[in-house]
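Participant: Attaching a single structure in structure tokens format; questions to follow.
The values are calculated or read from the model by the stated rules, or taken from the named source; none is laboratory data. On a predicted model such as this, the values are computed, not experimentally measured, just so you know. Methodologically, a virtual Cβ is constructed for each residue, glycine included, from the backbone with ideal geometry; neighbour enumeration extends over all protein chains shown. Remember, those area values only see protein heavy atoms, side chains included, never the ligands or the DNA or RNA. Shrake-Rupley method; radii C 1.70, N 1.55, O 1.52, S 1.80 Å.
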Amino acid sequence: MRRALVLLGVVWLAACGPAEVEYKETRYVFGTLVEFIIRGVDEGKAKRAVAAVDRDFQRMHKDWHAWKPGGELVALNETLAKGESRTVSDFVLPLLEQGQAFEAKSGGLFNPAIGAVVNAWGFHADELPKGALPDFDEIRALAAKQPSMADVKIEGNRVSSTNTAVRFDFGGFAKGVALDMAASKLKALGIEHAIVNAGGDLNTIGDAGKRLWTVGIRDPRDWGVIASVELMGGENLYTSGNYERFREADGIRYAHIIDPRTGMAVDHTVSASVIHENGALADAAATALIVAGPDDWADVARAMDITYAMLVDKQGTVYATPEMLARVKFETSKELTIVESGG
Ligand code: ADP
Ligand code: MG
């Protein structure tokens, strides 16, 4: 919530001309505030478009949820755990298909089949987990079962798994899939210029009034903005953060991004930001780059066809591709160590 409040301010708009109509509306969904800015249509049309997208968001919230009962994904997870197959709706299918593709591209570092491990850490809850740490041997044993999207067979809408340890948790890229769908719907409804911003993760369409959209990149260290960047219509910015959802024991923080190879929480990297035309890919890649860390992130970015990427490690060192560095404007008030790599 706190993050959402701070980050709604990160879109700075160019001054609008007198004929420009700009409509803004904020909705609450996926536990965060989502801000819509729509230009170039009358208010009635903009309002109806936001309402239509919000109806989709509410359905995603229910049917894509990894642990709240009553949605399609929870039912699917229960079925696969029993070794059975299930028919899923067209609403859930894209998550499975894209999840499979992105896991393969990331060399397994982005893995939305590790829901059982995420749950064992206590992250399948609205509140941050407290109390005694989970048994690490149990967590390692869950990871050793190697649940993977590669175990999942999709035939039409029929889904089965050869590995009963597979539990879907699409938290690593659901926002990207959701905002991609939102942008498609807005375009289908005749909107040519818009931005949909879910707490700093955002998709753009068109422009900000004959100028590019200027947006802020989240700073993991102080909840503010570390840099700004101009986006062309259709470019989307995603930051995955390993700093706001964590559990703490004996002064050690165990954050919610997990290395699928070990089941252990990633501690070397606090955030990764990616710009790409495919929001779902950007979101998945940002998660994968956090797992990859300072040594391997540039290779993983290349494997995932990501040109614009930036990473902040736990010492606060910033790593970025040359292409990303050429575009971002860092906050001058902040002292930053910046390392150019990859590209
Ligand atoms: P943010 O919360 O900033 O959007 P992410 O996009 O990385 O961060 O999403 C983190 C969520 O992704 C976790 O809460 C968990 O549900 C899921 N997750 C954790 N580790 C992985 C992983 N290695 N691959 C895919 N999903 C993951
Ligand atoms: Mg992500």
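Participant: Round to a whole angstrom and tell me the spacing of the C-alpha centers of region 129-152 and region 35-52.
Facilitator: Between the Cα centre of region 129-152 and that of region 35-52, the gap is 43 Å.
Participant: Report, to the nearest 10°, how far helix 43-63 tilts away from the longest principal axis of the Cα atoms in the chain, using its own Cα long axis and a range of 0 to 90°.
Facilitator: With both axes taken from Cα atoms, the answer is about 10 degrees.
Participant: Using the Karplus curve 6.51 cos²θ - 1.76 cosθ + 1.60 with θ = phi - 60°, what ³J(HN,Hα) values do you get for each residue of region 282-290, in whole Hz, with x for Gly and Pro?
Facilitator: Karplus-based 3J(HN,Hα) across region 282-290 equals 4, 5, 4, 5, 4, 5, 4, 5, 5 Hz.
Participant: Over the chain, with the other protein chains present, what is the accessible area per residue in square angstrom, probe 1.4 angstrom?
Facilitator: 42
Participant: Measure nothing but the geometry: give the 0 to 90° angle between the long axis through the Cα atoms of 93-105 and the longest principal axis through the Cα atoms of the chain, rounded to 10°.
Facilitator: 80
Participant: Ordered by residue, what ³J(HN,Hα) values in Hz, to whole numbers, does region 154-167 give under the Karplus form 6.51 cos²θ - 1.76 cosθ + 1.60, where θ = phi - 60° and Gly and Pro are x?
Facilitator: Coupling constants for region 154-167: 10, 10, x, 9, 8, 10, 9, 9, 7, 10, 6, 7, 5, 9 Hz.
Participant: Of SER333, SER271, SER184, which has the largest mean-square fluctuation in a 10 Å C-alpha GNM of the chain?
Facilitator: SER333
Participant: Once ligands and nucleic acids are excluded and a 1.4 Å probe is used, how much of TYR28 is accessible, expressed in Å² to the nearest 10?
Facilitator: Surface open to solvent at TYR28 totals about 120 Å².
Participant: On to the next question. May I ask you to compute the full-extension gain from LYS185 to THR317, defined as 0.36 nm times their residue separation minus their alpha-carbon distance, rounded to one decimal in nm?
Facilitator: 43.7 nm
Participant: Given a 10 angstrom Cα cut-off, can you work out which residue in ASP267, ASP56, ASP180 is the most mobile in a GNM of the chain?
Facilitator: ASP56
Participant: How about region 309-343: which GluC sites (Glu not before Pro) there are in a DSSP loop, with at most 13 other Cβ atoms within 10 Å of their Cβ? Walk me through the numbers before you get to the answer.
Facilitator: Details: sites: GLU323, GLU331, GLU335, GLU340; in loops: GLU331, GLU335.
Here the GluC sites (Glu not before Pro) that fit, given the DSSP loop and packing criteria, are GLU335.
Participant: Taking every Cα atom in the chain, find the radius of gyration and the maximum pairwise distance Dmax, and write them in Å.
Facilitator: Cα only, the chain: 19.7, 64 Å (Rg, Dmax).
Participant: Here's a follow-up. Please give, to one decimal in nm, the separation of the simple spin-label points placed at ASP135 and GLU277, each 7 Å out from Cα toward the Cβ.
Facilitator: 5.1
Participant: List residues of region 70-92, by number, whose backbone nitrogen lies under 12 Å from a label position 7 Å along Cα→C-beta of THR164.
Facilitator: Correct set: 79-84.
Participant: Next up: Below 27 Å, Cα to Cα, which lysines can LYS334 reach? Residues fewer than 8 away in the same chain don't count.
Facilitator: Counting by Cα, and skipping residues close in sequence, LYS334 has these lysines nearby: LYS314.
Participant: Now a separate question. Which sequence of THR164, THR317 reflects their accessible areas, 1.4 Å probe, from the largest down?
Facilitator: Order by accessible area, largest first: THR164, THR317.
Participant: Ok, one more. Between TYR28 and GLU248, with labels modelled 7 Å along Cα→Cβ, what's the label distance in nm to one decimal, could you check?
Facilitator: With each label placed 7 Å out from Cα toward Cβ, I get 2.5 nm.
Participant: Where the accessible area of the chain is counted over protein heavy atoms with a 1.4 Å probe, how much of it, in %, is carbon and sulfur?
Facilitator: Ligands and nucleic acids excluded, carbon and sulfur reach 50 percent.
Participant: Helix 72-81 versus the longest principal axis of the chain: what is the Cα-based angle in degrees, 0 to 90, to the nearest 10?
Facilitator: Approximately 20 degrees, to the nearest ten.
Participant: Considering only protein heavy atoms, what is the solvent-accessible area of MET181 at a probe of 1.4 Å, reported in Å² to the nearest 10?
Facilitator: Accessible area, nearest 10 Å²: 60 Å².
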